[in-house]
1. In region 233-249, is there at least one residue being in a loop (DSSP other than H, G, I, E, B) and at pLDDT 90 or above?
2. It is to be established whether one or more residues within region 74-87 are loosely packed, with under 13 Cβ neighbours inside 10 Å, assigned to a helix (DSSP H, G or I) and at pLDDT below 70.
3. Which numbered condition in (1) in a loop (DSSP other than H, G, I, E, B); (2) at pLDDT below 70 is the only one that residue 122 fails?
4. Would you call residue 167 more than 30 Å from residue 224 (Cα to Cα) and modelled with pLDDT of 85 or more?
5. I'd like to check which strands (runs of 3 or more DSSP E) are fully inside region 137-224 and have at least 2 residues that are within 13 Å of the chain's Cα centre (by Cα) and surrounded by 14 or more Cβ atoms within 10 Å (Cβ to Cβ).
6. Looking for whichever is in a loop (DSSP other than H, G, I, E, B) and either closer than 30 Å to residue 139 by Cβ or out of contact with any helix residue (DSSP H, G or I) (no Cβ under 6 Å at 6 or more places or on another chain) (or both) here; the options are 259, 270. Which one fits?
């Protein structure tokens, strides 16, 4: 390589450096500065979310999505500053996202349902709920599944897509819960006396609330009994204890006051006659 060739190469390099070094320097400054700023922004967002009513399980997910999205935008912006065509990159990224979305359609449905549940909180861990015929206590809520412990001590794993699209009954959302019970007394018994005995029995149960007062009234007339309904209230967490205790107390009280509770019976009449 002679002197003229070296000089030409140097001039070409200087021209390229003059053209691209400012862009490269600007790109590096934006890249490192933006990367640092995104980290600080996500940290601030995390602290703010923890101070709100957003479910803590959802916080890491929201922060991760925000961090990933902002970093992708940052890289595309830096590439554009350096003069790199980003159209093809964006197209490939969009096509890849679409393919992944179609492949994971079912999981994305559960994922979206999990976000809705964790954000709007129709129920929380420890609540007693019923979903699509499954009733029990919520053990855990993840981004994809809700786990419920049933009264039989089984664990039901429900996809969040199914949970979000079904009717949910939350039995412990309110502090108090009504207990619907009934008992039948014989037709010849004193209804007012029976109602008074039932009221006294309910007041003797510690888990039954005094306020509001239990409702007691005649529900209807059966084949062999007058059916009396009684509807006391208990704390939601004491529901099962109050349910069984109320039944037991009413039965013992009616027995002690000699108020008859008839069981279903049938009278059979045999007519004698000649058989031809």
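The values are calculated or read from the model by the stated rules, or taken from the named source; none is laboratory data. Since this is a predicted model, take the numbers as computed values, not measurements. Using ideal geometry, Cβ is built from the backbone for each residue, glycine included, and neighbour counts are taken over all protein chains shown.
1. no
2. Looking for residues that are loosely packed, with under 13 Cβ neighbours inside 10 Å, assigned to a helix (DSSP H, G or I) and at pLDDT below 70, one finds at least one in region 74-87, hence yes.
3. (2)
4. Spelling it out, residue 167 is indeed more than 30 Å from residue 224 (Cα to Cα) and modelled with pLDDT of 85 or more.
5. Per the criteria, 145-149, 155-159, 168-170.
6. Result of the check over 259, 270: 270.
Residue-by-condition table, conditions (1) modelled with pLDDT under 75; (2) assigned by TED's automatic domain parsing to the domain that holds residue 142; (3) in a helix (DSSP H, G or I); (4) surrounded by 13 or more Cβ atoms within 10 Å (Cβ to Cβ):
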site: 31; (1), (2), (3), (4): no, no, yes, yes
site: 41; (1), (2), (3), (4): no, no, yes, yes
site: 45; (1), (2), (3), (4): no, no, yes, yes
site: 53; (1), (2), (3), (4): yes, no, no, no
site: 66; (1), (2), (3), (4): no, no, yes, yes
site: 69; (1), (2), (3), (4): no, no, yes, no
